[in-house]
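Trainee: One structure, as C-alpha coordinates, below. Some questions next.
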Amino acid sequence: MKTPTWVGIVGIIGLAWNVLVLVQVVGSVGRTAADFVRQGSSAAAADALASVPLWAELGFAAGAILGIAGCLLIARRDRRAIPVLVASTLGYALLVAGNVAGGVFALTGGWHLAVNLILVVIAVDLVVVAILGVRRNILT
(Lines give C-alpha, C1' and ligand atoms only; values in the text may rest on other atoms or scores of the structure.)
Protein backbone atom coordinates (compact mmCIF):
# COMPACT_ATOMS: atom_id res chain seq x y z
CA MET A 1 0.00 0.00 0.00
CA LYS A 2 1.28 3.43 -0.93
CA THR A 3 1.87 5.69 2.07
CA PRO A 4 -0.51 8.66 2.05
CA THR A 5 1.21 12.03 1.72
CA TRP A 6 -0.23 13.22 5.03
CA VAL A 7 1.92 10.72 6.94
CA GLY A 8 5.12 12.38 5.77
CA ILE A 9 3.71 15.86 6.24
CA VAL A 10 2.58 15.18 9.81
CA GLY A 11 5.85 13.44 10.60
CA ILE A 12 7.93 16.36 9.31
CA ILE A 13 5.82 19.13 10.86
CA GLY A 14 5.60 17.28 14.18
CA LEU A 15 9.34 16.65 14.11
CA ALA A 16 10.08 20.32 13.38
CA TRP A 17 7.73 21.42 16.18
CA ASN A 18 9.31 19.12 18.75
CA VAL A 19 12.84 20.10 17.68
CA LEU A 20 11.84 23.74 18.22
CA VAL A 21 10.52 22.81 21.66
CA LEU A 22 13.76 20.97 22.46
CA VAL A 23 15.70 24.12 21.54
CA GLN A 24 13.53 25.97 24.07
CA VAL A 25 14.23 23.30 26.69
CA VAL A 26 17.98 23.56 26.16
CA GLY A 27 17.77 27.35 26.26
CA SER A 28 15.93 27.27 29.57
CA VAL A 29 18.54 25.19 31.39
CA GLY A 30 20.14 27.20 34.16
CA ARG A 31 18.13 30.37 33.60
CA THR A 32 17.82 32.53 36.68
CA ALA A 33 15.25 35.08 37.78
CA ALA A 34 17.65 37.80 36.64
CA ASP A 35 17.66 36.28 33.15
CA PHE A 36 13.86 36.42 33.02
CA VAL A 37 13.85 40.04 34.25
CA ARG A 38 16.32 40.96 31.48
CA GLN A 39 13.86 39.41 29.02
CA GLY A 40 11.05 41.64 30.29
CA SER A 41 9.37 39.66 33.07
CA SER A 42 8.33 41.32 36.29
CA ALA A 43 10.36 40.38 39.36
CA ALA A 44 7.51 38.23 40.72
CA ALA A 45 6.98 36.44 37.40
CA ALA A 46 10.73 35.94 37.03
CA ASP A 47 10.93 34.35 40.48
CA ALA A 48 8.06 32.01 39.60
CA LEU A 49 9.56 31.07 36.24
CA ALA A 50 12.98 30.41 37.79
CA SER A 51 11.48 28.21 40.50
CA VAL A 52 9.54 25.78 38.32
CA PRO A 53 10.14 22.35 39.92
CA LEU A 54 12.82 20.10 38.44
CA TRP A 55 10.24 17.38 37.75
CA ALA A 56 8.34 19.82 35.54
CA GLU A 57 11.48 20.77 33.63
CA LEU A 58 12.32 17.08 33.19
CA GLY A 59 8.78 16.55 31.88
CA PHE A 60 9.34 19.38 29.41
CA ALA A 61 12.56 17.76 28.17
CA ALA A 62 11.00 14.29 28.01
CA GLY A 63 8.01 15.68 26.11
CA ALA A 64 10.26 17.17 23.46
CA ILE A 65 12.57 14.16 23.10
CA LEU A 66 9.72 11.66 23.03
CA GLY A 67 7.81 13.91 20.62
CA ILE A 68 10.77 13.81 18.24
CA ALA A 69 10.97 10.03 18.56
CA GLY A 70 7.21 9.64 18.05
CA CYS A 71 7.22 11.79 14.91
CA LEU A 72 10.11 9.79 13.49
CA LEU A 73 8.05 6.65 14.17
CA ILE A 74 5.06 8.17 12.35
CA ALA A 75 7.30 8.96 9.39
CA ARG A 76 8.49 5.32 9.45
CA ARG A 77 4.86 4.11 9.59
CA ASP A 78 5.49 2.45 12.94
CA ARG A 79 2.58 1.89 15.32
CA ARG A 80 4.90 2.26 18.32
CA ALA A 81 4.43 5.98 17.75
CA ILE A 82 1.27 5.83 19.88
CA PRO A 83 2.79 4.96 23.28
CA VAL A 84 5.80 7.18 22.62
CA LEU A 85 3.57 10.15 21.78
CA VAL A 86 1.33 9.46 24.78
CA ALA A 87 4.44 9.59 26.98
CA SER A 88 5.44 12.85 25.26
CA THR A 89 2.03 14.31 26.05
CA LEU A 90 2.38 13.28 29.70
CA GLY A 91 5.77 14.98 29.81
CA TYR A 92 4.27 18.20 28.55
CA ALA A 93 1.43 17.82 31.06
CA LEU A 94 4.06 17.67 33.82
CA LEU A 95 5.37 21.03 32.67
CA VAL A 96 1.87 22.50 32.86
CA ALA A 97 1.38 21.00 36.33
CA GLY A 98 4.69 22.46 37.48
CA ASN A 99 3.71 25.87 36.18
CA VAL A 100 0.38 25.62 38.02
CA ALA A 101 2.11 24.48 41.22
CA GLY A 102 4.55 27.39 41.00
CA GLY A 103 1.84 29.96 40.30
CA VAL A 104 3.49 30.85 37.01
CA PHE A 105 0.29 31.41 35.04
CA ALA A 106 -1.11 33.85 37.60
CA LEU A 107 2.03 35.96 37.35
CA THR A 108 2.90 35.75 33.66
CA GLY A 109 -0.50 36.32 32.15
CA GLY A 110 -2.48 34.56 29.48
CA TRP A 111 0.32 34.26 26.92
CA HIS A 112 2.26 31.74 29.01
CA LEU A 113 -0.85 29.68 29.67
CA ALA A 114 -1.73 29.79 25.97
CA VAL A 115 1.73 28.56 24.94
CA ASN A 116 1.52 25.69 27.44
CA LEU A 117 -1.94 24.71 26.24
CA ILE A 118 -0.85 24.81 22.59
CA LEU A 119 2.04 22.52 23.51
CA VAL A 120 -0.35 19.97 25.02
CA VAL A 121 -2.95 20.30 22.24
CA ILE A 122 -0.35 19.63 19.54
CA ALA A 123 0.95 16.63 21.50
CA VAL A 124 -2.60 15.24 21.82
CA ASP A 125 -3.21 15.86 18.12
CA LEU A 126 -0.10 13.84 17.25
CA VAL A 127 -1.44 10.96 19.37
CA VAL A 128 -4.75 11.15 17.53
CA VAL A 129 -3.00 11.12 14.16
CA ALA A 130 -1.00 8.05 15.18
CA ILE A 131 -4.15 6.27 16.35
CA LEU A 132 -5.90 7.06 13.07
CA GLY A 133 -2.86 5.81 11.21
CA VAL A 134 -3.04 2.48 13.03
CA ARG A 135 -6.80 2.18 12.51
CA ARG A 136 -6.35 2.76 8.79
CA ASN A 137 -3.48 0.25 8.63
CA ILE A 138 -1.03 2.95 7.63
CA LEU A 139 1.08 2.62 10.78
CA THR A 140 1.86 -1.04 11.23
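The values are calculated or read from the model by the stated rules, or taken from the named source; none is laboratory data. Computed from a prediction, not measured in an experiment: that's the story for all the values here. Cβ atoms come from the backbone with ideal geometry, glycine included; neighbour counts cover every protein chain shown.
Trainee: With respect to Val37, determine if the residue is at pLDDT below 95 and within 16 Å of Ile118 (Cα to Cα).
Mentor: Values: at pLDDT below 95: yes; within 16 Å of Ile118 (Cα to Cα): no.
No, not satisfied.
Trainee: Here is a follow-up. Can you go through Val115, Val121 and tell me which one is of a type in the set (Val, Ile, Thr), over 29 Å from Arg135 (Cβ atoms) and either free of Cβ contacts under 8 Å to residues at least 60 places away in the same chain or outside any helix (DSSP H, G or I) (or both)?
Mentor: Sole residue among the options that is of a type in the set (Val, Ile, Thr), over 29 Å from Arg135 (Cβ atoms) and either free of Cβ contacts under 8 Å to residues at least 60 places away in the same chain or outside any helix (DSSP H, G or I) (or both): Val115.
Trainee: Restricting to segment 1-25, give me the number of residues that are of a type outside the set (A, V, I, L, M, F, W, C) and part of a helix (DSSP H, G or I).
Mentor: Of the residues in that region, 6 qualify.
Trainee: Restricting attention to segment 76-102, which residues are surrounded by 19 or more Cβ atoms within 10 Å (Cβ to Cβ) and touching a Pro at 6+ places or on another chain (Cβ under 8 Å)?
Mentor: Gly98
Trainee: Next up: Would you say Ile74 is free of Cβ contacts under 8 Å to residues at least 60 places away in the same chain and among the β-branched types (Val, Ile, Thr)?
Mentor: Spelling it out, it is not the case that Ile74 is free of Cβ contacts under 8 Å to residues at least 60 places away in the same chain and among the β-branched types (Val, Ile, Thr).
Trainee: Also, I was wondering about something else. Within segment 52-83, count every residue that is closer than 22 Å to Val100 by Cβ and not in a helix (DSSP H, G or I).
Mentor: Kept after step one, since they are closer than 22 Å to Val100 by Cβ, are these residues of segment 52-83: 52-64, 66-67.
From what's left, not in a helix (DSSP H, G or I): 52-53.
Matching residues across segment 52-83 total 2.
Trainee: Looking at (1) more than 24 Å from Arg31 (Cα to Cα); (2) buried (at least 21 other Cβ atoms within 10 Å of the Cβ); (3) free of Cβ contacts under 8 Å to residues at least 60 places away in the same chain; (4) within 10 Å of the chain's Cα centre (by Cα), which is the only condition Gly67 fails?
Mentor: Gly67 satisfies every listed condition except (1).
Trainee: A further question follows. Out of (1) of a type in the set (Gly, Ala, Ser); (2) touching a Ser or Thr at 6+ places or on another chain (Cβ under 8 Å); (3) at pLDDT below 80, the odd one out for Gly8 is which?
Mentor: (2)
Trainee: Which residues, taken from segment 26-51, are crowded, with 18+ Cβ neighbours inside 10 Å and either part of a loop (DSSP other than H, G, I, E, B) or under 18 Å from the mean Cα position of the chain (by Cα) (or both)?
Mentor: Listed by number, the residues that qualify are Ser41, Leu49.
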